[in-house]
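Written below as structure tokens is the structure these notes are about.
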Amino acid sequence: MISNGFEPDQYMSNRVLLMHVKCGMMIDARSLFDEMPERNLVSWNTIIAGLVDVGDYFEAFRLFHLLWEEFSDCGSRTIATMIRASAGLEFISVGRQLHSAAVKFGVGEDIFVSCALIDMYSKCGSIEDAQWAFDEMPEKTTVGWNSIIAGYALHGYSEEALSMFYEMRDSGVKMDHFTFSMIIRICSRLASVEYAKQVHAGLIRHGFGLDIVANTALVDFYSKWGRVEDAKHVFDRMPCKNTISWNALIAGYGNHGRGAEAVELFEQMLREKMRPNHVTFLAVLSACSHSRLFERGWEIFQSMSRDHKIKPRSMHYACMIELLGQEGLLDEAFALIRRTPFKPTANMWAALLTASRVNVNLELGKYAAEKLYGMEPEKLSNYVVLLNIYHQSGKLKEAAGVLQTLRRKGLRMLPVCSWIEVNKQSLVFLSGDKSHVQTNEIYEKVDSLVHEISKHGYVPKEKTLLPDVDEQEQRILLYHSEKLAVAFGLINTMKGSPLQIAQNHRICNDCHNAIKLIALVTRREIVVRDASRFHHFKDGSCSCGDYW
């Protein structure tokens, strides 16, 4: 156009501006906008929307004020864009003013404005106002439903979000891939495999069976909740995969102690010319760490910067410190921390502290703990790991000093909670829980299981504190929440079917040993997802190799 001396009219100038904005060339777009001899509302909307899209909210508001001075009026598109900017800044007071302006200009019920308001109120922390904006929509569109469901999910109201999804389905509104991918993530938070299966079926029924976003969410969900074979099945059926899809399955294999398969998948990813990112390397290095693949882990770690030009981050170093700890190479682990090209982070010192506890190295454990206290003085788990080191080393006076520090800081260990899903219902157990209808039957089952596994060498373990377990747990060792959940599952499920339990803390040493033997004597596969990782108990062994 320029070389041919073509003088664009207003329409063509706006199209050129839009092209630069859509291509993310905001510096050039801004120059074009400033040089335009004539600007109409379309020009202003285009540049302001571009600024909002790239997160330059303050500049968007500055131009909006100039627009207001020039036109003293604006349309629904402008209002909706500025409501998005308010959401980005989390300025609810500005969002309310724009809401008032929308009503004053008669565009308060515009679909784009309504959806922007739902999103803005949700992100600014007022789910009640978001619900009100949704209720006021004259026609509830797919985007409107998605916005309110996302709002509930954002604030942790997972059950309410799921309820809204069913309302959306019953209303007959068309659901899109975003709806399904969002609900799958909500099912992950609710730990509901049954609901996820229903959503999976709906995904296929509505024609999104091959959608990359929704299917990646499914791979992630099935991986997180112990259904790795289902995750692999979904992954294999995807006609197109992106890096996130590969990352989800690699992480799934790693979390379930199937490190060799995770490494094999990583190598297949490279063979298929997919470009790994830092998340890919974190997933595969974690897999190596969980499965004690020492040499392979180091080869992959060294290839990051050498072959893929990706600088290792603190979490990658933490994986390598854990690998060295598993091999008992604490001096090498400490040396690795000291030669990192950046200041060591809390997760790196935490990995060294844990390795020190497993290898009972008191001096190095104390040093790592002191570093952590300076970074995370209120984090309970750091104190408790050091407390266990003192207990294991017979340093009772020092252990008492750590307990005094905990009391002085007002830090207390939380009660344990385990839950199991049976017949589409989640049942929650606390240690020593006697609130369930089947309490007598559950306790009798625990007693009979303990009697049976005692024949295979089970002896209740001595006291060991975990990062978030209160001391009352030690008084009810035989009736810890995970044992009650396992007993309930054995009573209420078909013989031979697998059990899946989730809990809010790391499984204790006693329960870990007990459930290994329960899996042996009952010939059941028992999967426990604790706060650290998955444990697959089968035939008297655990996928974690007992390192946890």
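So the values come out like this:
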{"item": "Percentage relative contact order, the chain, counting C-alpha pairs under 8 Å, at least six apart", "result": "7"}
{"item": "Accessible area per residue, Å², segment 313-413 with all protein chains present, probe 1.4 Å", "result": "49"}
{"item": "Degrees separating the helix 76-89 axis from the principal Cα axis of the chain, which is the longest one", "result": "30"}
{"item": "Where segment 224-275 is the region considered: accessible area per residue in Å², 1.4 Å probe", "result": "49"}
{"item": "Estimated vicinal HN-Hα couplings, Hz - segment 22-35 in sequence order (Karplus 6.51, -1.76, 1.60; Gly, Pro = x)", "result": "5, 8, x, 8, 6, 5, 5, 4, 5, 5, 4, 4, 5, 8"}
{"item": "Degrees separating the helix 259-271 axis from the principal Cα axis of the chain, which is the longest one", "result": "30"}
{"item": "Apportionment of accessible area to carbon and sulfur, the chain, percent (1.4 Å)", "result": "52"}
{"item": "Under Karplus coefficients 6.51, -1.76 and 1.60, residue-wise ³J(HN,Hα) of segment 11-21 in Hz, glycine/proline x", "result": "4, 5, 4, 5, 5, 5, 4, 4, 4, 5, 5"}
{"item": "Span from the segment 53-68 Cα centroid across to the segment 372-450 one, whole angstrom", "result": "51"}
{"item": "Cα pair distances in the chain, grouped into 20 Å bins until the bin that holds the longest one, percent each", "result": "18, 42, 32, 8, 0"}
{"item": "Rounded tilt (10° steps) of 177-190 against the dominant C-alpha axis of the chain", "result": "30"}
{"item": "Net charge, Gln438 excluded, C-beta distance under 13 Å - Lys, Arg +1, Asp, Glu -1", "result": "-1"}
{"item": "From phi via Karplus (6.51, -1.76, 1.60), per-residue ³J(HN,Hα) for segment 370-382 in Hz, x at Gly/Pro", "result": "4, 4, 5, 4, x, 8, 10, x, 9, 8, 4, 4, 4"}
{"item": "Förster radius 41 Å - calculated FRET efficiency between Ile244 and Asn492 (Cβ-Cβ, nearest 0.05)", "result": "0.65"}
{"item": "Column: log10 I(q)/I(0), Debye, Cα scatterers of segment 124-176, q = 0.16, 0.25 Å⁻¹", "result": "-0.41, -1.00"}
{"item": "Contour excess over end-to-end distance, with Cα ends at Met25 and Ser171 and 0.36 nm allotted per residue", "result": "48.4 nm"}
{"item": "Whole-angstrom Cα spans of segment 313-413 along principal axes, big to small", "result": "37, 25, 18"}
{"item": "Dipole of segment 12-139 [Lys/Arg +1, Asp/Glu -1 at C-beta], most positive-end residue of His99, Val113, Asn14", "result": "Asn14"}
{"item": "Alpha-carbon gyration tensor eigenvalues x 5, square-rooted, for segment 56-107, Å", "result": "16, 14, 8"}
{"item": "Val54 accessible area, assembled protein chains, probe 1.4 Å, Å²", "result": "90"}
{"item": "Normalised per residue, the volume of the convex hull around the Cα set of segment 1-48 (Å³)", "result": "73"}
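The values are calculated or read from the model by the stated rules, or taken from the named source; none is laboratory data. This one's a predicted model, so the numbers in the text were calculated from it and none came from an experiment. Every residue, glycine among them, receives a Cβ derived from its backbone with ideal geometry; neighbour counts consider all protein chains shown. For the accessible areas, the whole protein counts, side chains as well, though only heavy atoms, and no ligand, DNA or RNA atoms are used. Shrake-Rupley method; radii C 1.70, N 1.55, O 1.52, S 1.80 Å.
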